[in-house]
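Chemist: Dumping the structure here so I can ask a few things about it.
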Amino acid sequence: MFEGFVNPGLAIGAALASVPLLIHLLNRQRYQPMRWAAMRFVLAAYRKTRRRVQLENLLLLLLRMAAVALLAFAVARPFASGDSPLAGLTEKRRDLVLVLDGSASTGYREDVETVFERIVKRAHDLVSDLDASKGDRVHVVIAAGHPRLIAWTTPEKALSVLSTLTVPTDERLDLGRAFAEVLARVEEDAGGTSESALEVRFLSDLQRSVFADVGSAMGSEPGEDRPLLIEQLDALQSYGVSVLVEDLGPTPPYPANVALEAVAPIQTTIGAGVPIEIAARVANHGTSPRPAERVALYVDGERQPVQRIDVAAGGTAEAVFTVQFDRPGSHVLRAELDGDKLSVDDSRASVLHVPPAIRVLVVNGSRSDRFVDDETGYLMAVLEPPSGDILGPAASPFDPTDVTPDALVSGDLELADFDVIVLANVGTIPESTVTALEERVAAGASLIVCVGDRMGDLEAINTKLYNADGSGLLPASLRRKVSAARRESFYHVADFDADHPALSFFADDTWRPLFTEAPVYDFIATRGKLESAKVLAILDDEEQSPLLYERNYDEGRVFLWTTTISKAWTKIPEWPHTLVPFVHEWFRYAGRRRVPTRNIGTGQPVWLETQSFPRSPELIRPDGSRRTLDGEATETSAGAWRMPEIGTTDTERVGLYRVELEGAPAEHFAVQLEPSESDLERMSPAELSVLHPALTALARGEEGEEVATDGPRRGEIWRTLALLALLALIAESLWAAWLGHKRKAPA
């Protein structure tokens with residue numbers, strides 16, 4: 001009879017129909033028959049009317065049971081298919097799910113209206129065709145980075161919400177997540193069966209990149225790593241649901257569009273006072289070249305001279321600006337193009353962090369009046385080049401301090417003032433100093449240990465700096481000194497981690513010999529390498545001994561250089577073409593402070609950090625709207641302050657954001673458009689129709705009746721059951737009243 005229920009769990013309420021029967025049985029009179037001569041006449045009269053009374057009572061009982069059962073079934077919402085005997089009682093209403101493409105690409109303006117405005121207008125027409133008096137219902141979903149169910153149930157509510165939609169989101173369309181929302185509605189409608197009567201329409205600009213994974217994944221077997229979109233389409237197909245995809249995009253298959261894909265420095269930002277090149281990358285997604293495209297760059301609000309570049313059809317080009325920052329910290333970059341039909345990608349903001357000078361404490365274990373014999377003479381020349389150097393002192397990214405071990409032991413130095421601490425051939429370290437070093441490294445500093453002849457008692461050093469459980473600072477224990485005959489042979493680097501930031505400069509074949517061919521005459525062999533430690537470079541001796549170690553120590557890092565940083569045991573310090581890039585890359589990596597990114601995608605959270613406590617933080621969005629940031633700031637292990645989280649709902653629009661603080665400069669961050677959203681290449685309806693059986697492409701304005709599923713469609717009959725339950729209650733009331741009146745004894 002019934003094919004299924006939308007709310008099958010509520011169907012058990014039909015068991016309540018037995019309650020009137022139980023009441024009747026419990027209220028039956030129990031008596032002991034007694035013969036009484038005068039009752040013979042009464043019994044004779046009762047026998048004549050007993051059958052009629054029983055039939056009347058049975059009818060009353062059945063009406064009461066029917067009312068309860070019908071009401072329970074109506075609440076459970078049963079449905080029947082078109083070939084069921086109850087098909088004539090099913091409702092003829094429509095349940096429509098409208099998925100509107102709200103991605104940034106639909107902001108493309110063609111003629112006088114944008115694609116998104118066209119999509120909303122078409123949705124309005126479809127909803128207007130629904131009839132609320134027949135029980136028609138509609139679900140409207142805005143599909144973008146994540147689906148937003150903005151209207152449901154009645155067409156009137158949907159129309160009122162659609163009238164408020166004027167602009168799309170700035171997000172990229174995630175169609176898999178959107179169809180997951182559709183699938184949830186389909187499963188609810190199916191009610192545990194294998195069929196759903198929902199109509200699903202997707203109004204879109206048919207951006208090709210949205211469907212890029214569908215065609216390639218269709219050949220994979222179920223259970224393989226298939227995209228979420230394919231899984232959702234397979235599931236919809238299993239319920240007999242076809243998604244009608246209506247093309248409302250631009251007319252040309254390759255709409256012309258020029259976009260700013262990125263604005264960022266070409267090379268690593270060293271520090272303030274150093275000229276740096278900023279590249280604004282422009283992409284041409286059209287089929288015609290774009291000559292002399294104007295690109296403007298604003299640095300902290302100050303406009304730079306405009307650059308003109310030629311961008312080939314389907315290609316990219318960069319406008320390069322030379323900029324010099326006068327202070328460390330965050331700086332705002334904003335590039336702009338002349339406006340075109342898609343305005344959201346004609347400008348792009350970025351926040352660039354210019355690091356302060358890396359504060360380096362160099363503990364010189366073997367000081368000498370002669371520069372060439374001093375343990376850290378060559379190192380200090382690199383960290384703090386003489387004023388006559390071609391770069392000048394302002395170009396150095398380091399702020400070094402050279403001290404003796406006595407200054408370190410005395411406690412006059414505040415280790416928290418340094419980002420990198422170098423122990424160069426330091427033989428003895430008191431326990432108190434070891435503890436202070438452990439605390440500073442754990443808080444985020446880097447420790448570099450360079451060995452030498454002053455470190456004669458290796459076991460004493462191991463006792464203080466190495467533990468097999470990793471609680472000590474060293475990544476491995478120091479074993480013994482290994483020496484080569486200087487006039488006959490030497491060691492050199494056999495291999496190194498070319499992907500590591502400290503050594504990547506030498507990855508190129510041109511520069512590789514500068515590191516691999518430098519002679520090493522003496523080194524300290526090691527043992528007991530910790531599992532958490534990494535060997536970054538090894539020598540070509542028989543044991544393939546490590547030359548450079550790295551390990552993480554809580555928030556900081558520890559490096560072990562198993563030869564000298566002076567010329568005593570190696571020629572590296574005397575090779576400036578090796579020493580200068582090696583020290584710069586190594587120490588910049590070691591002193592790199594973990595700065596949370598200030599460039600995020602749409603709908604991503606962000607946490608900003610300041611060096612002082614942020615008072616009364618207030619977020620200002622690109623449109624000028626404001627919101628006070630709720631929550632407490634927390635202090636980090638590095639001594640900075642982290643503001644409360646700026647959530648995903650605050651970062652849904654691209655552009656430059658700022659957080660104003662009481663008594664301090666504003667902090668900025670940028671929300672950036674996904675570059676692929678600027679590629680407006682379209683998929684034709686014919687191509688779309690063959691991608692997946694659950695997708696049916698419609699031309700603009702096509703109604704799509706011909707795509708209805710084969711065979712009879714099922715429908716709900718709860719309204720009929722509810723009406724019958726009401727009639728049963730009315731009939732029971734009237735019948736009970738009539739029986740009461742009829743059986744009432746005359747006055």
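Chemist: For an R0 of 56 angstrom, estimate the FRET efficiency from the Cβ-Cβ distance between Ser432 and Ser343 and round to the nearest 0.05.
Modeler: Numbers: r = 63 Å, r/R0 = 1.13.
Calculated value: 0.35.
Chemist: If you take every residue apart from Pro400 with its C-beta less than 12 Å away from the C-beta of Pro400, what net charge results, scoring Lys and Arg +1 and Asp and Glu -1? Walk me through the numbers on the way to the answer.
Modeler: On the way: positive: Arg359; negative: Glu384, Asp399, Asp402, Asp419.
After counting each charged neighbour, the total is -3.
Chemist: Given Cα pairs under 8 Å that are at least 6 residues apart, what percent is the relative contact order of segment 232-297? Mind showing how you got there, number by number?
Modeler: Working: 55 pairs, mean separation 20.4, N = 66.
Rounded, it is 31 percent for segment 232-297.
Chemist: What are the residues whose amide H is under 5 Å from the amide H of Leu173, where those residues sit 5 or more places off or on another chain and H is modelled from the backbone?
Modeler: Ala104
Chemist: More than 47 angstrom separation, counting every C-alpha pair in the chain; what % is that?
Modeler: Numbers: 135366 of 278631 pairs.
Result: 49 percent of Cα pairs exceed 47 Å.
Chemist: What is the set of long-range amide H partners of Leu698 at a cut-off below 5 Å, with H atoms built 1.01 Å from backbone N?
Modeler: For Leu698, whose amide H was placed from the backbone, the distant partners under 5 Å are Val245, Glu246, Asp247.
Chemist: In terms of the Cα gyration tensor, with a ≥ b ≥ c the square roots of its eigenvalues, is segment 358-590 rounded because a/c is under 1.5, prolate because a/b exceeds b/c, or oblate? Mind dumping the intermediate values first?
Modeler: On the way: a/c = 1.34, a/b = 1.07, b/c = 1.26.
Verdict is rounded for segment 358-590.
Chemist: Also, quick follow-up: Express in whole angstrom the spacing between the alpha-carbon centres of segment 550-592 and segment 441-511.
Modeler: Here the answer is 9 Å between Cα centres.
Chemist: What's the FRET efficiency of Ala638 with Arg177 using the Cβ-Cβ distance as r and R₀ = 35 Å, to the nearest 0.05? Before the final figure, lay out each step's value.
Modeler: Working: r = 37 Å, r/R0 = 1.04.
The formula returns an efficiency of 0.45 here.
Chemist: Now a separate question. Taking θ as phi - 60°, what are the ³J(HN,Hα) couplings along segment 302-318 by the Karplus curve (6.51, -1.76, 1.60), each to the nearest whole Hz, with x for Gly and Pro?
Modeler: Here the 3J(HN,Hα) series is 9, 6, 8, x, 5, 9, 10, 9, 9, 10, 5, 4, x, x, 10, 8, 10 Hz.
Chemist: Right, something else. I'd like the trypsin sites (Lys or Arg not before Pro) in segment 270-374 restricted to DSSP loop residues with at most 10 other Cβ atoms within 10 Å, sorted by number. Please list the in-between numbers first.
Modeler: Details: sites: Arg281, Arg294, Arg303, Arg308, Arg334, Lys341, Arg348, Arg359, Arg367, Arg370; in loops: Lys341, Arg367, Arg370.
Here the trypsin sites (Lys or Arg not before Pro) that fit, given the DSSP loop and packing criteria, are Arg370.
Chemist: Another question, if that's okay. What are the ³J(HN,Hα) couplings of segment 562-573, residue after residue, when phi is run through the Karplus curve with 6.51, -1.76, 1.60 and θ = phi - 60°? Round to Hz, x for glycine and proline.
Modeler: Per-residue couplings from phi come out as 7, 10, 7, 8, 9, 7, 4, 10, 8, 8, 4, x Hz.
Chemist: I've got another one for you. Relative contact order for the chain using alpha-carbon pairs under 8 Å, separation at least 6, rounded to a whole percent?
Modeler: Working: 1572 pairs, mean separation 109.9, N = 747.
In percent, rounded to a whole number, it is 15.
Chemist: HN-Hα J couplings of segment 63-69 from phi, Karplus 6.51/-1.76/1.60, θ = phi - 60°, integer Hz, Gly and Pro as x?
Modeler: 5, 5, 5, 5, 4, 5, 5
Chemist: Sequence-distant or interchain residues sharing an amide H contact under 5 Å with Asp495, placed H: which?
Modeler: Here Ile538 satisfy the definition.
Chemist: Can I ask one more? Let me know the volume per residue of the alpha-carbon convex hull for segment 256-353, in Å³.
Modeler: 82
Chemist: Next question. Using the Kirkwood formula over every pair of different C-alpha atoms, what hydrodynamic radius in Å results for segment 651-701?
Modeler: Radius from the Kirkwood sum: 15.3 Å.
Every number here is computed from the coordinates shown, using simple stated rules; none is lab data. None of the values given here were measured: they were computed from a predicted structure. Cβ sites come from the backbone with ideal geometry, for glycine too, and all protein chains shown count toward neighbours.
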